[in-house]
Amino acid sequence: MDEEYDVIVLGTGLTECILSGIMSVNGKKVLHMDRNPYYGGESSSITPLEELYKRFQLLEGPPESMGRGRDWNVDLIPKFLMANGQLVKMLLYTEVTRYLDFKVVEGSFVYKGGKIYKVPSTETEALASNLMGMFEKRRFRKFLVFVANFDENDPKTFEGVDPQTTSMRDVYRKFDLGQDVIDFTGHALALYRTDDYLDQPCLETINRIKLYSESLARYGKSPYLYPLYGLGELPQGFARLSAIYGGTYMLNKPVDDIIMENGKVVGVKSEGEVARCKQLICDPSYIPDRVRKAGQVIRIICILSHPIKSTNDANSCQIIIPQNQVNRKSDIYVCMISYAHNVAAQGKYIAIASTTVETAEPEKEVEPALELLEPIDQKFVAISDLYEPIDDGSESQVFCSCSYDATTHFETTCNDIKDIYKRMAGSAFDFENMKRKQNDVFGEADQ
């Protein structure tokens with residue numbers, strides 16, 4: 001270990017693994033360490049089921065009705081991948097997809113007045129949806145056509161809207177959309193967690209709705225994908241990529257000290273040895289004195305023996321409860337996957353309800369979601385602190401990731417990855433640079 005590296009990475013969460021993969025592909029010499037004996041850090045998948053019970057101090061362990069413990073892979077932080085989103089692009093460009101199998105998530109639903117409805121995101125669905133009245137449907141259809149045709153480089157598509165100055169509130173007004181439609185457009189299509197976006201320029205929202213529609217167009221049922229055997233497969237895929245390019249991995253490796261000289265990182269000390277480096281990437285748990293608490297997220301993992309009501313017996317889905325519907329500032333999310341994804345025993349479903357904590361009684365805050373899931377066989381409650389770095393790392397060359405937020409997709413995580421990359425490399429992250437040369441690994445070009 002007593003060596004000189006370009007980059008040392010601490011923690012094997014998804015953010016850290018993707019960055020170490022990218023750095024290795026870019027020719028950097030990378031050492032990747034984790035104090036835990038398993039991959040994934042905060043974002044790991046727990047298996048067997050007995051391990052999950054232990055982790056949440058449920059000492060009696062799972063009952064026999066839960067089936068074989070090793071048939072379970074339970075994500076601690078549930079998220080789906082947008083089919084046309086940034087993480088899928090990273091997976092495709094780095095060819096990490098060869099290590100993984102994905103299934104499309106069967107449906108996306110939105111909560112209104114105590115009931116759940118399928119999210120309409122195409123013109124045909126909009127016209128058939130029970131969420132809106134007849135005239136509202138026509139206006140919403142016009143709005144969707146406007147978004148689909150919108151091109152920020154072609155003023156002919158603007159229809160009087162200025163992407164940089166017109167607020168989203170004004171765009172909704174232009175199409176005369178009512179509050180319910182605004183709720184599901186902003187929260188279930190553009191995937192905002194709060195309503196702050198309404199008074200910001202509309203370009204970002206239009207692009208988010210486009211991403212949703214384009215993702216949906218790829219596979220038809222919903223815009224989301226999910227890997228078989230759980231999200232824990234993702235960091236491992238990128239770790240393999242890094243190893244192919246000469247990255248060194250050490251699990252179960254305690255980090256005793258991060259060594260600084262003149263305010264700049266020069267190495268990491270572990271078990272009496274020092275590995276030297278020019279730059280360091282880590283998650284907040286490795287540098288508690290360089291991060292600040294930015295809130296909390298509650299996640300309740302629920303094991304069910306049935307699909308969720310009103311979802312056409314889907315074996316996977318997402319439900320978004322817009323904050324307006326339950327008098328909150330931020331949305332509540334439900335991610336549901338099941339035995340169909342090799343993450344649970346036959347006939348079992350895992351639903352995870354999550355939201356940003358706003359009160360002193362977080363469990364009460366997710367009740368609207370839990371009511372949709374009844375009856376629940378077993379609940380596991382986790383309340384996590386969210387941390388963010390206090391500086392951008394330009395002085396110290398210590399680059400810290402942000403904790404995983406309450407959203408149910410990876411777009412915010414990818415933004416963090418691109419942001420860290422830009423601060424480290426001095427130039428913006430370019431997907432094209434990530435393409436692996438056809439022949440560079442195992443000479444696969446002929447396959």
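What strands (runs of 3 or more DSSP E), lying completely within segment 236-279, carry at least 3 residues that are open to solvent by 30 Å² or more (accessible area, probe 1.4 Å)? Working first, answer last.
On the way: elements: 248-250, 257-261, 264-270.
The strands (runs of 3 or more DSSP E) meeting that bar are 248-250, 257-261.
Against the definition (touching an Asp or Glu at 6+ places or on another chain (Cβ under 9 Å), under 27 Å from TYR224 (Cα atoms) and either modelled with pLDDT of 95 or more or open to solvent by less than 20 Å² (accessible area, probe 1.4 Å) (or both)), how does LEU189 come out, yes or no?
Answer is no for this residue.
I want to confirm something. Restricting to segment 139-176 and keeping residues that are part of a loop (DSSP other than H, G, I, E, B) and open to solvent by 80 Å² or more (accessible area, probe 1.4 Å), which single residue is nearest to GLU214 (Cα to Cα)?
Taking segment 139-176 first, the residues part of a loop (DSSP other than H, G, I, E, B) are 150-154, 158-166, 175-176.
In the following step, the residues that additionally are open to solvent by 80 Å² or more (accessible area, probe 1.4 Å) were identified as 152-153, 159-160, 164-165, 176.
Details: GLU152: 16, ASN153: 18, GLU159: 22, GLY160: 24, GLN164: 22, THR165: 25, ASP176: 24 Å.
Checked segment 139-176; the qualifying residue nearest to GLU214 (Cα to Cα) is GLU152.
For ASP6, state whether it is touching a strand residue (DSSP E or B) at 6+ places or on another chain (Cβ under 7 Å) and among the acidic types (Asp, Glu).
Working: touching a strand residue (DSSP E or B) at 6+ places or on another chain (Cβ under 7 Å): yes; among the acidic types (Asp, Glu): yes.
Judged against the criteria, ASP6 is a match.
Does at least one position in segment 127-138 carry a residue that is among the charged types (D, E, K, R), surrounded by 17 or more Cβ atoms within 10 Å (Cβ to Cβ) and either in a loop (DSSP other than H, G, I, E, B) or over 23 Å from the mean Cα position of the chain (by Cα) (or both)?
Step one: list which residues in segment 127-138 are among the charged types (D, E, K, R), which gives 136-138.
Filter again for surrounded by 17 or more Cβ atoms within 10 Å (Cβ to Cβ), leaving 136-137.
Among the residues that remain, those that are also either in a loop (DSSP other than H, G, I, E, B) or over 23 Å from the mean Cα position of the chain (by Cα) (or both) are: 136-137.
Yes, some residue in segment 127-138 is among the charged types (D, E, K, R), surrounded by 17 or more Cβ atoms within 10 Å (Cβ to Cβ) and either in a loop (DSSP other than H, G, I, E, B) or over 23 Å from the mean Cα position of the chain (by Cα) (or both).
Would you confirm whether any residue within segment 121-135 is in contact with a strand residue (DSSP E or B) (Cβ under 8 Å, 6 or more places away or on another chain) and among the hydrophobic types (A, V, I, L, M, F, W, C)?
yes
May I ask you to list the residues in segment 198-235 that are small (Gly, Ala, Ser) and buried (at least 19 other Cβ atoms within 10 Å of the Cβ)?
SER215, SER222, GLY230, GLY232
Across segment 45-78, which residue is nearest to GLU106 (Cα to Cα) among those that are part of a loop (DSSP other than H, G, I, E, B) and in contact with a strand residue (DSSP E or B) (Cβ under 6 Å, 6 or more places away or on another chain)? Please lay out each step first, then the result.
Our first condition is that a residue be part of a loop (DSSP other than H, G, I, E, B); within segment 45-78, this holds for 47-48, 56-63, 67-68, 72-73, 76-78.
Still in the running and in contact with a strand residue (DSSP E or B) (Cβ under 6 Å, 6 or more places away or on another chain): 56, 73, 78.
Working: PHE56: 30, ASN73: 19, PRO78: 16 Å.
For segment 45-78, the residue satisfying everything is PRO78.
Out of all the residues in segment 46-65, which are of a type in the set (A, V, I, L, M, F, W, C), out of contact with any Lys or Arg (no Cβ under 7 Å at 6 or more places or on another chain) and surrounded by 12 or more Cβ atoms within 10 Å (Cβ to Cβ)? I'd like the intermediate steps shown before the answer.
Going through segment 46-65, the residues of a type in the set (A, V, I, L, M, F, W, C) turn out to be 46, 49, 52, 56, 58-59.
When the remaining residues are screened for being out of contact with any Lys or Arg (no Cβ under 7 Å at 6 or more places or on another chain), the result is 49, 52, 56, 58-59.
Within segment 46-65, LEU49, LEU52, PHE56, LEU58 qualify.
The values are calculated or read from the model by the stated rules, or taken from the named source; none is laboratory data. None of the values given here were measured: they were computed from a predicted structure. Cβ coordinates were reconstructed from backbone atoms using ideal geometry, including for glycine residues, and neighbour counts include every protein chain displayed. Quick note on the areas: whole protein, heavy atoms, side chains included, nothing else; ligands and nucleic acids left out. Shrake-Rupley method; radii C 1.70, N 1.55, O 1.52, S 1.80 Å.
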